[in-house]
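The values are calculated or read from the model by the stated rules, or taken from the named source; none is laboratory data. Computed from a predicted structure; not experimentally measured. Neighbour counts are summed over all protein chains in view; Cβ atoms, including those assigned to glycine, are modelled from backbone coordinates with ideal geometry. To get the accessible areas, we keep the full protein, side chains included, count just its heavy atoms, and leave off ligands, DNA and RNA. Shrake-Rupley method; radii C 1.70, N 1.55, O 1.52, S 1.80 Å.
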Amino acid sequence: MNLSGRRVVLGVSGGIAAYKVCTLARRLTEAGAAVDVVLTTAAAEFIRPLTFEALTKRPVATSLWERGRALAHIDLARDPDLIVVAPATAHLLARAAQGLADDLLTSLLLAATTPVLVVPGMNDEMFAHAATQQNIQTLRERGWTVVGPAIGPLAEGPSDRPGRMVEPEEILAHVERALRAPGSPLSGRNVLVTAGATREHLDPVRVITNPASGRQGYALAEAAFARGAEVTLVSGPSTLPTPTGVELVRVETTEQLLSAVERLLPQADVLVMAVAPADFRPAEPGAAKRPRSEGPLSVKLEPTPDVLERTLAKRRSGCVAVGFALEIGDGIERARQKLEAKQLDFIVLNRADEPGSGFEQETNRVTLVSPDDARELPMQPKREVAEQVLDEVERRL
Ligand code: CTP
């Protein structure tokens, strides 16, 4: 994530989750953002300003009445790219909704004209209270983005209702989206990504599949969310965490993948088909687990449906469709044949025989193949590959 040149005001109010916001301040700073932290008096009871000063390498403001910083709230409100309030307590939300300006943070919220992202974190009863719900509604209507809260344990004990502040990594994904979406042609577009491998049952406990891990597809979904897209990720079985803000649809077989894509494609502005479907399935899957002692097993396999061939006709006009191809050796010509046969805009060509690239790796070296061009990208993390694939999509939108 590259946030260099961006300025973020990070307002912290007095909830126990303030300790987690230190990680957020650090990650934003590492990403290159200039982070100005403003603590309420209550927040400073939980975390000392010095902690944030050390993490952001910038002065931390806590009071309207600090000598020598008489107009700090106006200075701080002047042109940040984004204001984030995390955690936002029930009290802070109430004051902001009322338009009160009785301390530095609420004054700057009133003076600022930049987008605001609030991340509530509080006791679950306090969150459920009608007053808090109404305040959140008011802030949303004013155009503020509200992220969370999540359901999970609170400092005071277990809970099965919303209240807990979402994790710093999730906040970070929303911050990146808030900062990047306004400049991206993908903002507000529906992006459908497929990922992982499908699998076909030989019998109730045995499957045929391939080693695709889903990492490249998940990275694409993450990167599309960061650009402001509404992202649906159709994934074969995978243990990867669901990317923040992305709607996950789980499938197992190629037939299920086909029905999911058939259902979702007509709404999509972009389709990125990163999934590696199982290309064959048993013609007659066994109904019971066959003991090994019965000796050799012969299975007749039949090809699974070609999802792209069966669905692409249903795409909207102007929908950009991207395929993936895994080839051994050069493969550009074969990729071009697939491009034409499947009516794709371009293909991301992976080399299966390249160390550090392809299946189950963190990095990838791909070539973007279109009818008249083949652009080789360097070996890089899959998230970087995703960014470059989406740059290419944006050029074609
Ligand atoms: N694909 C698909 N349905 C399948 C197999 C593949 O939609 N049953 C998609 C993949 O998601 C990928 C593209 O088609 O985006 C190319 O995949 P690939 O496996 O290289 O193509 P195949 O047509 O299966 O070619 P091959 O005969 O080389 O396996």
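Considering only residues that are outside any strand (DSSP E or B), within 12 Å of the ligand (Cβ to nearest atom) and within 19 Å of residue 263 (Cβ to Cβ), which ones fall in the stretch 286-343?
304, 305, 306, 307, 308, 309, 310, 311, 312
Select from the stretch 120-174 the residues that are among the small types (Gly, Ala, Ser) and part of a loop (DSSP other than H, G, I, E, B) and write down the one among them that is surrounded by the most Cβ atoms within 10 Å (Cβ to Cβ). Can you show your working first?
As a first pass, look at the stretch 120-174 and keep what is among the small types (Gly, Ala, Ser): 121, 128, 130-131, 143, 148, 150, 152, 155, 157, 159, 163, 173.
Applying the additional criterion that residues be part of a loop (DSSP other than H, G, I, E, B) yields 121, 143, 148, 152, 155, 159.
Working: 121: 27, 143: 8, 148: 22, 152: 16, 155: 11, 159: 16.
Restricting to residues being among the small types (Gly, Ala, Ser) and part of a loop (DSSP other than H, G, I, E, B), the top hit is 121.
Inspect the stretch 386-396 for any residue being open to solvent by 60 Å² or more (accessible area, probe 1.4 Å), farther than 27 Å from residue 177 by Cβ and in contact with a strand residue (DSSP E or B) (Cβ under 7 Å, 6 or more places away or on another chain) and give the result as yes or no.
no
Within the stretch 16-70, can you find the residues that are of a type in the set (Asp, Glu), in contact with a Pro (Cβ under 9 Å, 6 or more places away or on another chain) and either modelled with pLDDT under 95 or crowded, with 18+ Cβ neighbours inside 10 Å (or both)? Walk me through it before giving the result.
The initial filter retains those residues of the stretch 16-70 that are of a type in the set (Asp, Glu), namely 30, 36, 45, 53, 66.
Going one step further and asking which of them are in contact with a Pro (Cβ under 9 Å, 6 or more places away or on another chain), we end up with 36, 53.
Within the stretch 16-70, just 36 meets the criteria.
Check the stretch 328-345 and report whether any residue there is β-branched (Val, Ile, Thr), open to solvent by 20 Å² or more (accessible area, probe 1.4 Å) and within 20 Å of residue 196 (Cα to Cα). Please lay out each step first, then the result.
Filtering the stretch 328-345 for residues β-branched (Val, Ile, Thr) gives 328, 332.
Right, trim to open to solvent by 20 Å² or more (accessible area, probe 1.4 Å) and you get 328, 332.
In the following step, the residues that additionally are within 20 Å of residue 196 (Cα to Cα) were identified as 328.
For the stretch 328-345, residues β-branched (Val, Ile, Thr), open to solvent by 20 Å² or more (accessible area, probe 1.4 Å) and within 20 Å of residue 196 (Cα to Cα): present.
Which one of these does residue 74 not meet: (1) open to solvent by 40 Å² or more (accessible area, probe 1.4 Å); (2) in a loop (DSSP other than H, G, I, E, B); (3) modelled with pLDDT under 95?
(2)
Identify all residues within the stretch 361-378 that are farther than 23 Å from residue 243 by Cβ and not small (Gly, Ala, Ser); write none if there are none. Please lay out each step first, then the result.
As a first pass, look at the stretch 361-378 and keep what is farther than 23 Å from residue 243 by Cβ: 367, 369-376, 378.
Correct list: 367, 369, 371, 372, 373, 375, 376, 378.
Conditions (1) in contact with a helix residue (DSSP H, G or I) (Cβ under 9 Å, 6 or more places away or on another chain); (2) under 17 Å from residue 84 (Cα atoms), marked per residue:
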{"site": "151", "(1), (2)": "yes, no"}
{"site": "157", "(1), (2)": "no, no"}
{"site": "165", "(1), (2)": "yes, yes"}
{"site": "169", "(1), (2)": "yes, yes"}
{"site": "172", "(1), (2)": "yes, yes"}
{"site": "175", "(1), (2)": "yes, yes"}
{"site": "181", "(1), (2)": "yes, yes"}
